[in-house]
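Notes follow once the structure below has been shown.
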Amino acid sequence: MKIIRCTRLALAACLWAALPAALAGDPFGDLAKSMLPPAAGTALSDSDIGAGLKEALARGTRTAVNELGRSNGYWGNPRFRIPLPGAVSQAEGLLQQAGMGGQLEQLHLSFNRAAEQAVPVAADVFAQAVRQLSLNDVRGILNGPQDAATQYFKRTTSDTLAARFKPIVARVTAKVGLAQQYNAVMGSAGPMASMLGVDTDLDGYVTRKALDGLFLRVADEEKSIRTNPAARTTDLLKRVFGGHS
């Protein structure tokens, strides 16, 4: 029994036509090679449609990872730049008066450099999540809200990404003396700091903010193909998504 409307059947063929040669050699290359399109003139099955959607999601997450996982991917864009945590930001004036302005700037930069170094590990995690998409997941994404794919990735990858990001973040922030001072002071504050909403774990804070930025960028890619006519590079894409602008 078909679970996806016939108007969706064009999606897979369109996506396969747009498959870029640049996939070869990147973290999603094996995934792409495992999703060969059906022979010309054959009807698309539900599994073909699913494979097409998987390739679209692989391309979108690859773009997000590549853009954020490079120098200035976070730091160079105010929309993604990780801010200083509230407790540090509020004390910024005092710290500068105490001659720690340079160290504070180094700490802020280290947050964003840590995120940029951590993001590339998301490639394999996202690829695995794409492989595990069920037909029900495919239907939910195709017929769901504008951020249905992004929400799927949040639900299925957040815990794994956090576990992989945090050690990388810790190695970067450990090089900045102020980070250790912050952790020591906030750690000694104990439950009181938590009650006041203060982040007691600086590396955990940076990890969460890095993931927020990554999912925000994934959402941009999803929104583009759903709503931006310029992102629909073929007639099939225009027909499939034209009613969802």
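The values are calculated or read from the model by the stated rules, or taken from the named source; none is laboratory data. Being a predicted model, the structure only gives us computed values, none of them experimental. Reconstructed Cβ throughout: ideal geometry from the backbone, glycine too, with neighbour counts over all protein chains shown.
Observations on the model:
- Check on V185, modelled with pLDDT under 95 and within 15 Å of G86 (Cα to Cα): yes
- Any hit, segment 164-179, residues being over 23 Å from Q106 (Cα atoms) and either modelled with pLDDT of 70 or more or over 26 Å from the mean Cα position of the chain (by Cα) (or both): yes
- Selection from segment 149-169 of residues that are of a type in the set (G, A, S) and in contact (Cβ under 8 Å) with a residue 40 or more places away in the chain: A149, S158, A162
- Taking the criterion of being of a type outside the set (D, E, K, R) and outside any helix (DSSP H, G or I), the residues of segment 116-158 that qualify are Q132, L133, S134, G144, P145, Q146.
- Qualifying residue in segment 54-71 (condition: farther than 30 Å from I141 by Cα, hydrophobic (A, V, I, L, M, F, W, C) and at pLDDT 95 or above): no
- Segment 137-163, subset in contact with a Lys or Arg (Cβ under 9 Å, 6 or more places away or on another chain) and surrounded by fewer than 18 Cβ atoms within 10 Å (Cβ to Cβ), residue modelled with the lowest pLDDT: N143
- Taken over segment 59-73, the criterion of being crowded, with 16+ Cβ neighbours inside 10 Å and farther than 18 Å from E222 by Cβ is satisfied by G69, G73.
- The single condition among (1) out of contact with any Asp or Glu (no Cβ under 9 Å at 6 or more places or on another chain); (2) at pLDDT 60 or above; (3) in a loop (DSSP other than H, G, I, E, B) that Y74 does not meet is (1).
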